[in-house]
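Note sheet for the following structure.
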Amino acid sequence: MKKQLCLNFCEILENILLNAPKVETVIQNAMELAGYTECERIYVGSYFCSQYVLNTSMGLMKKLLDGANRMGIPVTLVLPMFTEKDISRGKEKIAEFIPYFQKEIDEITVNDYGMLDYIHQNFSLRINLGRLLFKDYRDPRYGEYYHQTSKPKYFSKQFLTICREYHINSLELDIPHERLDLSDAPEDITISVHIPYTYMTVGMVCEFASIPYEISNKFRPNLPCNKDCLKNRLISNVIEDRTYIKIGRTVYFEHAEAQVDGTKGYREIFAPIQLSYSSDDLEHCNK
């Protein structure tokens, strides 16, 4: 089975670069963590948090793009779902990336249908559908549900009609069960699979964003923030031999044992989450 090996720095890039300023070093360390001898693509941006993207430093992003370009690695820009109050700012942020389109950045991943239409109408880039549009149930705490093989609901006739209307390049999936069967996947669309963590759930309220607010203003949906999530991780072992990590408002579970079947090849997208904190921090949190 042929795999395209990719790295996902979404939601964690800034913290990583602050700790290891040289981009080439960051990429090499992430490859070592993934067990890769090469990297064919890098993903940057956010799947889950508009505030992260809206507050992304373009200086930092340029640093990453220049480093990836020096290494000959193309980049996919990932866009989250922007709320109605943030959509104008979201479009302004996208415009900041235009000088890099069709150069360092040759793809965009979107996570809602409104943004899909906007990107399709305004830019000539390949478009991927992101993991927020993959709606299968996911919760490994229910063993009788988790320990089975799943076929993604993605591959319905109606959904694939939309994909072809918008010339979708790739469909991005998590692995919600023990095994993922891709035998029903369309042959003309690349399938991309996220490892080694599956996103379990995501909400609009972020306790990290609430840190600087008075109690009467805490825990509001989509609060503007200082990106305190960059400095904090909640790590838990609710079930023996499985790690859960909360980054910002998203909970992930480890699925190192999961397998992909029924396909000749796919993109594997590895998130080097452990690079965003030290090994001492990880050991301390797991005690």
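Values quoted throughout were computed directly from the atomic coordinates according to the rules given, and no laboratory measurement underlies them. Keep in mind the model is a prediction, meaning the values are calculated, not measured. Cβ: placed from backbone, ideal geometry, glycine included. Neighbour counts: every protein chain shown.
List of remarks:
- Proximal lysines relative to Lys151, as straight alpha-carbon distance under 25 Å, when same-chain residues fewer than 8 apart are discounted: Lys2, Lys3, Lys135, Lys264
- For Ile247, distant residues with modelled amide H under 5 Å away: Tyr252
- Rg/Rh, computed from the Cα trace of the chain with Rh as the Kirkwood radius, has the value 0.94.
- Dividing the convex hull volume of the alpha-carbon atoms in the range 123-177 by its residue count gives 77 Å³ per residue.
- Under 24 Å from Lys63, Cα to Cα: lysines that are on another chain or at least 8 residues apart: Lys22, Lys91, Lys93, Lys103, Lys227, Lys231
- Expressed to the nearest 5 percent, the antiparallel share of DSSP beta bridges inside the chain is 25 percent.
- Of the GluC sites (Glu not before Pro) in the range 24-133, the ones in a loop by DSSP (not H, G, I, E or B) with at most 13 other beta carbons within 10 Å are Glu38.
- Rounded to whole numbers, the Karplus 3J(HN,Hα) couplings from phi for the range 181-198 are 9, 9, 5, 8, 5, x, 6, 9, 10, 5, 9, 10, 10, 8, 9, x, 10, 9 Hz, using 6.51 cos²θ - 1.76 cosθ + 1.60 with θ = phi - 60°, and x at Gly and Pro.
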